[in-house]
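Chemist: Provided herewith is a single structure, encoded as structure tokens, for subsequent inquiry.
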Amino acid sequence: KTTLGHCHLLKTCDAISGNLQSNAVNGGFVRIAVVRQIGSNDGSEPIPPKCCIAIMSTVSALHFVDSTLFQRYRVRMKPIPKTLVESFYADVWNRRDFDVAHDIIAADFGFRGSLGSEKKGIDGFLEYVDAVHAALGNYTCIINDLVLTDDRVAARMTFRGTHQAEFFGVAATKREIEWAGAAFFTLSGNKLSQLWVLGDVDAVKQQLGASSVGQF
């Protein structure tokens, strides 16, 4: 049985705390196993205040790594396809968080939308997102079902919004419209690289009273 002296315990805590903070500043990841035995029934003297402070500092550093670095650098870990697709719709489409878009979508993203438009590259895709939101207020994408493999995802979708600006050649009607769609994603290099969506455009036109030849 080995008992760490107080001096040794203090140096150990300081070293762990400093290493964690240093790695945190550099944006690195740290995996540490800390084995500790504080107090016992062998009549050892209480741990001095300085050692207690060092232990508290170490715990704070561990908390910093857990709560800050994991959130900031979560996309650097291999993502789960389901999580990427859920974030694509909840964060990028529904909340228009374009910082998240750049984290999860490849720069040369190939996109075919539910309304028939095709875009190449993330910038063109984000312009399309803005255009849909401009035409449809409160625009929301709802995932009804998902089927997944390691690098492919298929989603059965519902799209919904309030017609607030010209859409398929029809001036704003303030009607809530809704249509179904099927989305097929391809993942590459831990990001979404391609998306092909088939949407029920005829249902959109019927709800708007649009011409059958109208386009978005």
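Chemist: Mind checking which of SER114, LEU126, ALA90 is farthest towards the positive end of region 89-130's charge dipole, using Cβ charges of +1 (Lys, Arg) and -1 (Asp, Glu) about the Cα centre?
Modeler: Farthest towards the positive pole: SER114.
Chemist: So what's the convex hull volume per residue for the Cα atoms of region 135-216, in Å³?
Modeler: Values: hull volume 7.6 nm³, N = 82.
Once divided by residue count, the hull of region 135-216 is 93 Å³.
Chemist: Now for a different question. Work out the FRET efficiency for VAL100 and SER211 from their Cβ-Cβ distance, taking R0 = 30 Å, and round it to the nearest 0.05.
Modeler: On the way: r = 36 Å, r/R0 = 1.21.
Once rounded, the FRET efficiency stands at 0.25.
Chemist: Let me ask you something else. Measure of size requested: the Rg and Dmax of region 98-137, with Cα atoms as the atom set and Å as the unit; please supply both.
Modeler: In order Rg, Dmax, the Cα atoms of region 98-137 give 10.2, 28 Å.
Chemist: Okay, moving on. Run the simple label-point estimate for LEU198 and PHE184 please: 7 Å along Cα→C-beta, distance reported in nm.
Modeler: In this crude spin-label approximation the distance works out to 0.8 nm.
Chemist: Translational D (Stokes-Einstein, µm²/s) of region 145-186 at 37 °C and 0.692 mPa s when Rh comes from the Kirkwood sum over C-alpha pairs? Mind showing how you got there, number by number?
Modeler: Working: Rh = 12.2 Å.
For these conditions, the coefficient is 269 µm²/s.
Chemist: Right, next: Roughly what would the spin-label model give for ASN144 and THR173, points 7 Å off Cα along C-beta, in nm?
Modeler: With each label placed 7 Å out from Cα toward Cβ, I get 2.1 nm.
Each reported figure results from applying straightforward, stated rules to the coordinates on display, with no laboratory input. Here the structure is a predicted model, which means the values were calculated and not measured. Here the Cβ is made from the backbone with ideal geometry for all residues, glycine too, and neighbour counts use every protein chain on show.
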